[in-house]
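Below is one structure; the comments refer to it alone.
Every number in this text was worked out from the coordinates using simple rules, so none of it is lab data. Given the structure is predicted, the values throughout are model-derived calculations rather than measurements. Here the Cβ is made from the backbone with ideal geometry for all residues, glycine too, and neighbour counts use every protein chain on show.
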Amino acid sequence: MGILYLKEHTSCYNYTKCIWEGFLYHKFCDIEMDEEINETDSILFVIEGELEMSCNGKKMKLLAGNMICFGRGSRFKIHSRGKGSIVIAQFDNAVQSCEKISFAQLNSLDSPGDKIYPLEIRDRLHLFLKLLISYLEDGANCVHFHETKLKELFWSIRFYYTKTEQAAFFHPILGNDYDFKKKDIQ
C-alpha cells in the first residue's frame, strides 16, 4: 500500500534523510566492509543470511535470527558472501527514565567480561522487526517515529528476555554509573 501523502511527510522538518538515532534497513548480495568505528550505541539484527564479523578484534559468525549489541567507539568489520539483510538500531539519548532504571538493575548482575553476547531474535521481536521493515521500506523516516520505535524495541527486550540475558547482551554499553557509557570517539 505505501504511505499516504508522502510528499507532505517528507517536507516536514521532522522528516530526516540521515538517521543518527533510529533504524536502518539494508539488503545485500555480498558485503565487505572495512574496519569502522561505531559512532553510536547500536544493535545489529541479522534478518537473513550470515555475517562474519570482528568487533574490537574478537571474531564471530552471526546467523540469521540473531542480534548483537555494540558500544559507541567499537571497532568493527563485517564480511558476508551471499544474500542477506540486516536492521541496525542506533541510539544515543533515546533511553528514557524507565529504561535507565532497567539498565541500572542490569548493571548489578554478573557480566560476561569482554565477551560479546549475541541473542536469538524471539518471536515477538521478529514481529516487531517485520512491521518495522515494512514502515522503513514505505519511507517512514520521521524523527518521532524512530524515537517511538526505539522505546518499543527496549520494551520488547525487557518483556521477552531474562535480566541475565539482558545484562550480558547490553554489557558493551552499560557503565558503572548505571547509565550508558559515554565514550569519546577518537
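Panel order for SER54, SER74, by other beta carbons found within 10 Å of each beta carbon, from fewest to most: SER54, SER74.
Counting Lys +1, Arg +1, Asp -1, Glu -1, what net charge surrounds ILE31 among other residues with beta carbon under 13 Å of its beta carbon? Its environment carries a net charge of -3. The residues packed around GLU52, meaning those with a beta-carbon under 13 Å from its beta-carbon, carry a net charge of +2 if Lys and Arg are +1 and Asp and Glu are -1. Ranked by how many other Cβ atoms sit within 10 Å of their own Cβ, fewest first, the residues ASP123, ASP34, ASP41, ASP92 fall in the order ASP34, ASP123, ASP92, ASP41.
In order along segment 155-160, the Karplus-derived 3J(HN,Hα) couplings, from 6.51 cos²θ - 1.76 cosθ + 1.60 at θ = phi - 60°, round to 4, 4, 5, 5, 6, 10 Hz, and Gly and Pro are given as x.
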